[in-house]
1. Scan the stretch 37-53 and tell me whether some residue there is of a type outside the set (Lys, Arg) and touching a residue at least 60 places away in the same chain (Cβ under 8 Å).
2. Could you please give the count of residues in the stretch 54-93 that are touching a helix residue (DSSP H, G or I) at 6+ places or on another chain (Cβ under 7 Å) and under 28 Å from GLY21 (Cα atoms)?
3. Restricting the search to the stretch 106-116, which residues are modelled with pLDDT of 95 or more and in a loop (DSSP other than H, G, I, E, B)?
4. Is one or more of the residues making up the stretch 93-104 in a strand (DSSP E or B), without any contact (Cβ under 8 Å) to a residue 40 or more places away in the chain, of a type in the set (Lys, Arg) and surrounded by 11 or more Cβ atoms within 10 Å (Cβ to Cβ)?
5. Please verify whether MET86 is surrounded by 11 or more Cβ atoms within 10 Å (Cβ to Cβ) and at pLDDT below 90, treating the condition exactly as stated.
6. How about the stretch 40-81: which of its residues are exposed (fewer than 11 other Cβ atoms within 10 Å of the Cβ) and of a type in the set (Gly, Ala, Ser)?
7. I'd like the full set of residues that are more than 12 Å from the chain's Cα centre (by Cα) and either of a type in the set (S, T, N, Q) or outside any strand (DSSP E or B) (or both), limited to the stretch 71-92.
8. Just to verify a result, which residue in the stretch 53-70, among those that are β-branched (Val, Ile, Thr) and in a strand (DSSP E or B), is farthest from THR41 (Cα to Cα)?
Amino acid sequence: MFKRIYVVLLLLVFGGCNNAGKQFVGNWVAIDDARVSLEITHNGGNFLIKTTYPTTNWSAGFQKDGSIPKMLVTDGPVPAQFRDGMLEIPGMLGPSRIDIVKSNGNLVFNGRQFKRTQ
């Protein structure tokens, strides 16, 4: 009898481990600039993050009005780990963290808020 209870408890404990961080998975767009987005996917016990953002297209040269055109760049995928309720991206100057605001469900990353896309 105790053996069955022990097995059930082990299944509950280890079965829930795969769901850790699932609230981060999906496509997210920055609230202040729709050109900035994140795509977060589950990769076994870790996560992969792709980032899309606008940057200056120096190779296009100056336009007739003197402006320099922008282009969208996608970086990644970059690995991340779920730790202490947040996604953590390792970096040379320390980790970057991604968190979810409990009150509105928005994601916070590098001082910018993102909302989930449909």
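The values are calculated or read from the model by the stated rules, or taken from the named source; none is laboratory data. Everything numeric in this text was worked out from a predicted model, so none of it was measured. Cβ atoms come from the backbone with ideal geometry, glycine included; neighbour counts cover every protein chain shown.
1. In the first step, residues of the stretch 37-53 are kept if they are of a type outside the set (Lys, Arg); the result is 37-49, 51-53.
From the residues that got through so far, the ones that are touching a residue at least 60 places away in the same chain (Cβ under 8 Å) too are 37-38.
Within the stretch 37-53, one or more residues are of a type outside the set (Lys, Arg) and touching a residue at least 60 places away in the same chain (Cβ under 8 Å).
2. Residues in the stretch 54-93 being touching a helix residue (DSSP H, G or I) at 6+ places or on another chain (Cβ under 7 Å) and under 28 Å from GLY21 (Cα atoms): 1 in total.
3. The answer is ASN106, and nothing else.
4. Initially, the stretch 93-104 is screened for residues in a strand (DSSP E or B), giving 96-100.
After this cut, where a residue has to be without any contact (Cβ under 8 Å) to a residue 40 or more places away in the chain as well, the list is 96-97, 99.
Subsequent filtering for residues that are of a type in the set (Lys, Arg) retains 97.
From what is left, the residues that are surrounded by 11 or more Cβ atoms within 10 Å (Cβ to Cβ) are 97.
Yes - at least one qualifying residue is present in the stretch 93-104.
5. Working: surrounded by 11 or more Cβ atoms within 10 Å (Cβ to Cβ): yes; at pLDDT below 90: no.
When the stated conditions are applied, MET86 does not pass them.
6. Result: GLY44, SER59, GLY61, GLY66, SER67.
7. If the condition is that a residue be more than 12 Å from the chain's Cα centre (by Cα) and either of a type in the set (S, T, N, Q) or outside any strand (DSSP E or B) (or both), then THR74, ASP84, GLY85, PRO90, GLY91, MET92 are the ones that fit.
8. To start, the set of residues in the stretch 53-70 that are β-branched (Val, Ile, Thr) comprises 55-56, 68.
Subsequent filtering for residues that are in a strand (DSSP E or B) retains 55-56.
On the way: THR55: 24, THR56: 28 Å.
Filtering first and then ranking leaves THR56.
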